[in-house]
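Here the structure comes first, spelled out in structure tokens, and everything after it is commentary.
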Amino acid sequence: MKSTAFTLATVLAAPAAWAEDVSIALDWTLNTNHIGLVVAQENGYFDEARLDVEILPYSDSASTALLAAGAVDFAYMTALGFMSAKAGDAPITGLWVTMQREAGRLVYNSDHPEISSPKDLEGKTYAGFGSAWEDALISTMIENDGGNPHYDTVTLGTGAYEALATGAVDFTLEVATWEGVNSELLGRDQSYFLYQDYGVPEPQGGYIGTQTATLAENPELVDAFMEATRRGYDWAAQNPVAAAEILIAAGDFPNEDLVRGSMRVIDEGGYLTDGATPVGSIDEERLETMARFLFDSGVLRGADGEPLTWPGSVSDWIEQGWREE
């Protein structure tokens, strides 16, 4: 696997004709996962790259679908969204991944008298979000802990967190760097199990990609955008407190302390860099391990609803260091 090699010198040497409109669709409402994009916008890195970047807010259409249809130039995608799209032969290529560690976890109320390990979730009620991935994940965790993966599911979406807090359900899934921080701010006493401790591969999260055709036909544009994006995330990783304030100023957050707390957790947990790992670097081995898990679990399905067959490799799903000389 080649390393990321977007170079500032290449970008600054670009002709003035590169000043063009660029769009990127977000996978969800603006949050700290997108911090590098906002920093690149507000610190002028996109301007220096001669790009007029429009960061499109989340809509009813998935960012992967918008990218595959050519409606946007780039997309910020969930790991599951990206892998599902690529498994279905979407004409997109992954260039970047934001979170070097898995931020998701299974959460329950600490005072629940019957839960101390995943096997105890048998027969309990799960507040879910409506994806096949959830059952594959939870069932794997229960089975690897020696339990029977039979539990009840109610699909509540973001209402899952309030339902858990009131005891209406027994467990749900959350993102440690956002919902987990929010629960702390609200004073909720909750405990959690990490997916990777119970047989689920640990993926990276938050992919940025472009159309495969764009990568082939306009590599200079992709290079310029990705270098500015890298600068944004790198600056945010080195200046998490200041980055939080930039995001707060750029967005509309009812609870600004949630943003500050989220960036604190991201910084302390090494989510953006994970030690020696450069920001944005995709680990092809981890990508393949998670993709294989999703294929084998029957999560990745075709338009006919049938499980897809493992392609043998996912090396052509991503491109890193494609400008390296």
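The values are calculated or read from the model by the stated rules, or taken from the named source; none is laboratory data. Note that the structure is predicted; figures quoted are calculated from it, not measured. Every residue, glycine among them, receives a Cβ derived from its backbone with ideal geometry; neighbour counts consider all protein chains shown. Remember, those area values only see protein heavy atoms, side chains included, never the ligands or the DNA or RNA. Shrake-Rupley method; radii C 1.70, N 1.55, O 1.52, S 1.80 Å.
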Residue by residue through segment 169-183, the couplings from Karplus 6.51 cos²θ - 1.76 cosθ + 1.60 with θ = phi - 60°, in Hz, x for Gly and Pro, are 10, 9, 7, 7, 10, 9, 9, 4, 7, 9, 4, x, 5, 4, 5
Ranking V39, T29, N239 by how far each Cα lies towards the positive end of the charge dipole of the chain (+1 on Lys and Arg Cβ, -1 on Asp and Glu Cβ), the top one is N239
Hull volume per residue for the chain, using the convex hull of the C-alpha atoms, in Å³ is 135
per DSSP, antiparallel bridges as share of beta bridges in the chain, % nearest 5, sits at 55
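Can you sort T153, T277, T172 by 1.4 Å-probe accessible area, starting with the largest?
T153, T277, T172
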With all protein chains present and a 1.4 Å probe, the order of E20, E42 from largest accessible area down is E42, E20
Hull volume per residue for segment 16-75, using the convex hull of the C-alpha atoms, in Å³ is 70
With every protein chain in place, the accessible area of T158 for a 1.4 Å probe, in Å² rounded to the nearest 10, comes to 100
Contact order relative to length for the chain, counting C-alpha pairs under 8 Å separated by 6 or more residues, stands in percent at 29
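For the full complex of protein chains and a 1.4 angstrom probe, list D304, D27 by accessible area with the highest value first.
Reading off the accessible areas and sorting them downward yields D304, D27.
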Expressed in angstrom and rounded, the centroid-to-centroid distance over alpha carbons for segment 43-61 and segment 138-186 is 34
Expressed as a percent, the accessible surface of segment 167-211 that is carbon or sulfur, using a 1.4 Å probe and the full set of protein chains, is 43
Counting only protein heavy atoms with a 1.4 Å probe and every protein chain in place, the carbon and sulfur fraction of the accessible surface of segment 227-285 in whole percent equals 45
Relative to the chain, whose Cα atoms define the longest principal axis, helix 219-238 and its Cα axis are tilted in degrees, nearest 10, by 60
Burial-style ranking of 268-274, 290-296, 228-234, average other-beta-carbon count within 10 Å with highest first, yields 228-234, 290-296, 268-274
Checked segment 254-325 with the C-alpha gyration tensor, a ≥ b ≥ c its square-rooted eigenvalues, rounded below a/c of 1.5, otherwise prolate if a/b is larger than b/c and oblate if not; verdict oblate
If one compares the long axis through the Cα atoms of helix 240-250 with the longest principal axis of the Cα atoms of the chain, the angle in degrees, nearest 10, works out at 80
If every Lys and Arg gets +1 and every Asp and Glu gets -1 at its Cβ, then about the Cα centre the chain yields a dipole, in debye to the nearest 20, of 180
Debye calc, one equal point scatterer per Cα of segment 127-252, no solvent, log10 I(q)/I(0) at q = 0.13, 0.18 1/Å comes to -0.82, -1.11
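Report the equivalent ellipsoid semi-axes for segment 208-303 in whole Å, largest first, defined as the square roots of five times the eigenvalues of the gyration tensor built from alpha carbon atoms.
Details: eigenvalues 164, 85, 48 Å².
Over the Cα atoms of segment 208-303, the semi-axes work out to 29, 21, 15 Å.
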Interchain or sequence-distant (5+) residues whose placed amide H lies within less than 5 Å of the amide H of G128 are V154, T155, L156, G157
A correct Karplus calculation of ³J(HN,Hα) over segment 145-162, with 6.51 cos²θ - 1.76 cosθ + 1.60, θ = phi - 60°, whole Hz and x for Gly and Pro, returns 9, x, x, 9, x, 10, 8, 8, 10, 10, 8, 10, x, 5, x, 4, 6, 5
Karplus-derived 3J(HN,Hα) from phi for segment 87-95 (6.51 cos²θ - 1.76 cosθ + 1.60, θ = phi - 60°), whole Hz, x at Gly and Pro, runs 4, x, 6, 4, x, 10, 9, x, 10
Checked against the positive end of the charge dipole of segment 86-152 (+1 on Cβ of Lys and Arg, -1 on Cβ of Asp and Glu, about the Cα centre), the farthest of P91, G128, A103 is P91
Once F253 and T212 are pulled to full extension, the length gained, defined as 0.36 nm per residue separation minus their Cα-Cα distance, is 11.3 nm
Computed over segment 130-275, protein heavy atoms only, probe 1.4 angstrom, the accessible area per residue in square angstrom equals 42
If one compares the long axis through the Cα atoms of helix 132-144 with the longest principal axis of the Cα atoms of the chain, the angle in degrees, nearest 10, works out at 50
For E174, the accessible surface traced by a 1.4 Å probe with all protein chains present amounts, in square angstrom to the nearest 10, to 10
Projected onto the charge dipole of segment 171-325 (unit charges on the beta-carbon of Lys, Arg, Asp and Glu, signs +1, +1, -1, -1), the Cα from V175, A224, L308 with the largest positive-side position is that of V175
Place a point 7 Å from the Cα of R301 in the direction of its beta carbon; the residues of segment 62-93 whose amide N falls under 15 Å from it are 84-85, 88
So, over other residues within a Cβ distance under 15 Å of Q238, counting Lys, Arg +1 and Asp, Glu -1, the net charge is -2
